[in-house]
Amino acid sequence: MQTGNSSTSLDTQIEVAFGRPITALHHDIETPDVRRVLEVRAMLAVVERHLEQIRDRLHTATAPDRNCAELADEDLTVDAEWLAAAGRSRNRHAQDITSLLCAGPPASHPNQVRMATGAPACSASSPPVRASTTVLPHR
């Protein structure tokens, strides 16, 4: 699944935080802050594309013109489980990006890209970044 040119739901937030478009950020991949955000953004793009595929599959399976006798309970259950797991993963990646944007580059590194003043509002009570441990059901 190619996501290099795929947009994500957080692209605007990333662009505002860094003050440049996503395409320009790819030129600063050696900058640690940019690299981290773009790495998590790539994972977010994969998960969001997966969510779209699951949603489309469920819409097709439950279309008004479909015969209800064709609905397979097991397939719908598995798709619902995948949808929930992908949704949790998407939320974690979004939280990770927001946390990275809130942290910003350390002031001790003046040569690093400085984030624009329009960075997202961050609170001290933001939950810590956690690794994704979602286990997807077998298909």
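Computed from the coordinates by the stated procedures, all read-outs in this text should not be read as laboratory data. Nothing here was measured: the structure is a model prediction, and the numbers come from that model. For neighbour counting, all protein chains shown are included, and Cβ atoms are generated from backbone atoms with ideal geometry for every residue, glycine included.
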Open item on the list: Taking every pair of distinct Cα atoms and averaging 1/r, then inverting, what Kirkwood hydrodynamic radius in Å comes out for the stretch 1-93?
Closed with: 15.1
TODO: Describe numerically, in nm with one decimal, the distance between label points set 7 Å from Cα along Cα→Cβ at Leu76 and at Thr12.
DONE: 3.5
Open item on the list: Rounded to two decimals, what is the ratio between the C-alpha radius of gyration of the stretch 1-52 and 2.2 N^0.38 Å?
Closed with: 1.08
- [ ] Please report, to one decimal in angstroms, the Kirkwood hydrodynamic radius of the stretch 30-77 built from all distinct Cα-Cα pairs.
- [x] 13.3
Task: Residue-span extension gain [Ala69 to Arg57] - 0.36 nm each, minus C-alpha spacing - done: 2.6 nm
